[in-house]
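Take a look at the structure set out below.
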Amino acid sequence: MSKHPEGPPGRRPAGAGVAVDPPGGFVPWRPRERHRDAGTALVLGLVAVVGALPSIGTTLLVAPFAWALGHRALRDIRRSGGHLDGASDARTGLVLGIVGTVLLVLVVLALVLVLALVLAGETTGFQEAPAGVEV
């Protein structure tokens, strides 16, 4: 019986926790897996920004979600060490999400300003012209 059942010291048999190249040294190419949120961020960003004008700004409500999903997807893709793909989709969704969120904030501020002006006009009321002054 051998002193080392696995073989000589310093060598491990194939399949013992060490990656072994296939015969002939050919390693088949495998495409990288796409991050599941990269495409979602892109679609939400496009819906938010492109659909804002026809929908009178209501689609801007999904812009913060595009921003968050794009950010998370980019972070995961960077940390994957090259195993995940979809960085361009995630980055585009992130940028569109930021643009859409800024537009959303501007729309909300404009609505608040209009509402404040309308309420201020109702509370002050209109003054009638003094007697003898023609308008």
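The values are calculated or read from the model by the stated rules, or taken from the named source; none is laboratory data. Since the model is a prediction, treat every value here as computed from it, not as a measurement. Please note: Cβ atoms are built from the backbone with ideal geometry, for glycine as well, and neighbour counts cover all protein chains shown. Remember, those area values only see protein heavy atoms, side chains included, never the ligands or the DNA or RNA. Shrake-Rupley method; radii C 1.70, N 1.55, O 1.52, S 1.80 Å.
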Margin query: Against the conditions (1) buried (at least 20 other Cβ atoms within 10 Å of the Cβ); (2) more than 14 Å from R36 (Cβ to Cβ), where does A73 fall short? Just the number, please.
Written below: (2)
Check: Got a sec? Which of L61, L117, L111 is open to solvent by 90 Å² or more (accessible area, probe 1.4 Å), assigned to a helix (DSSP H, G or I) and touching a Leu at 6+ places or on another chain (Cβ under 9 Å)?
Finding: L61
Next item on the list: Please determine, by comparing only the residues of region 81-103 that are in contact (Cβ under 8 Å) with a residue 12 or more places away in the chain and more than 18 Å from L42 (Cβ to Cβ), which one is least open to solvent (accessible area, probe 1.4 Å).
Entry: G82
Margin query: When you scan region 99-108, do you find a residue that is under 29 Å from R32 (Cβ atoms), at pLDDT 90 or above and not basic (K, R), even just one?
Written below: yes
